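Visitor: Have a look at the structure that comes next, please.
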Amino acid sequence: MTAPTTIVSAPYVARVPPRWRNEVEGVLIAEDQIARRIRVMAGDIARDYANRELIVVSLLNGTVMFLADLIRNLSLPLRLDFIGVSSYGAGTESGELVFTKELRLGVRGRDVLLVDDILDTGKTLFRVLGKLRALRPRRIKTCVLLNKAARRVEAVEADYVGFEIPDVFVVGYGLDFAERYRNLPFVGVLHPHVYKRARQRRCPDRPRSACGQRQG
Ligand code: PRP
C-alpha cells in the first residue's frame, strides 16, 4: 500500500475559479493531483484483491465523484452497492447519524471495500463498520479520499487513504456544506464567513459546539 500524500493548507496549489472566489478561499487539492492519487490507490487495491470478486460499498452522498473515478480505474470484477448515512437527518442535530438507505447485496463471506469521501471524527465509519461486520463478510477494508486525523473521536483508521489533510473545512469533489459545492472539481477550503453565517442563522442562541458543523 502506498503512503498517502500529506497536504498542508497554505500556500494553496492553485487559484480558485472566479465563480467560487467569494466562498472558497483556496484550492487545497487540484483536479490533476486527485486523478493521479486515485490511479495509485486503485493500483494498490487491485493488487491486494487480485483474483477476488469485490463488493464495493459506498457511502452516500459525499462519495459520488471519488467513487466514480476510483472504480473506473479499478480493473477488478466488482459489484457495487450503497449505504445512505448522514449526520443531518430531518430534525436531528449535528453528530446524530441517520441511515437513509440500507445495503441490498448480501456480503456474507465476501470481500468488501467500504468507500467514503472523508474520515473526520470517525463516527460514520465506526458505525457503518459495526453494521457491516455483523453481516459476516470474509474481509472488510476501508478506503477514503481524505483523512483529517486531528478531529478523530472514534478509534478507526482507513486502509487506503488518498490525502492526509489539516483541520480545515473542505468542500468540493463530492464534499458539501449544506448540500452545496459538491460539484467543484477540486477540493477547496471554505471561507469561514460562509459557515459562521450559516451557524448563526441556524442557532443564534446556542453554544457553538451544540450547533457544530460536521465536515463533509
Ligand atoms: C460526511 C462524509 C463522511 C462523514 C465523515 O457525511 O461524507 O461520510 O461525514 O465524518 P465523520 O468521520 O465525522 O463521521 P455527511 O453525514 O455529511 O453526509 P454526506 O456524505 O451526504 O455529505
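Visitor: Read through the list (1) buried (at least 18 other Cβ atoms within 10 Å of the Cβ); (2) more than 10 Å from the ligand (Cβ to nearest atom); (3) acidic (D, E), then give the number of the only condition that D120 fails.
Guide: It is condition (2) that D120 fails.
Visitor: While we're on this one: Here is a list: I45, I7. Which entry is in contact (Cβ under 8 Å) with a residue 24 or more places away in the chain, farther than 23 Å from F169 by Cα and in contact with a strand residue (DSSP E or B) (Cβ under 7 Å, 6 or more places away or on another chain)?
Guide: Values: I7 fails: farther than 23 Å from F169 by Cα.
Checking each option against the conditions leaves just I45.
Visitor: Going through A42, A14, A30 one at a time, which residue ends up being of a type in the set (A, V, I, L, M), in contact with a helix residue (DSSP H, G or I) (Cβ under 7 Å, 6 or more places away or on another chain) and surrounded by 14 or more Cβ atoms within 10 Å (Cβ to Cβ)?
Guide: A42
Visitor: V144 - would you say it is hydrophobic (A, V, I, L, M, F, W, C) and within 12 Å of the ligand (Cβ to nearest atom)?
Guide: Yes, satisfied.
Visitor: Name the residues in the stretch 170-188 that are over 22 Å from G43 (Cβ atoms), hydrophobic (A, V, I, L, M, F, W, C) and away from the ligand (no atom under 12 Å from the Cβ), would you?
Guide: Answer for the stretch 170-188, where residues must be over 22 Å from G43 (Cβ atoms), hydrophobic (A, V, I, L, M, F, W, C) and away from the ligand (no atom under 12 Å from the Cβ): L184, F186.
Visitor: Would you please list the contacts, defined by Cβ atoms under 8 Å and residues six or more apart or on different chains, that run from a residue in the stretch 74-97 that is closer than 29 Å to V40 by Cβ and at pLDDT 90 or above to a residue that is more than 15 Å from the ligand (Cβ to nearest atom) and hydroxyl-bearing (S, T, Y)?
Guide: L76/Y49
Visitor: Shifting gears a bit: Do you know which residues across the stretch 1-43 are assigned to a strand (DSSP E or B) and more than 19 Å from L67 (Cα to Cα)?
Guide: Correct list: T6, A14, V24, E25, G26, V27, L28.
The values are calculated or read from the model by the stated rules, or taken from the named source; none is laboratory data. None of these values were measured; they are calculated from a predicted model. Counting neighbours? That spans all protein chains shown, and the Cβs are built from the backbone with ideal geometry, glycine included.
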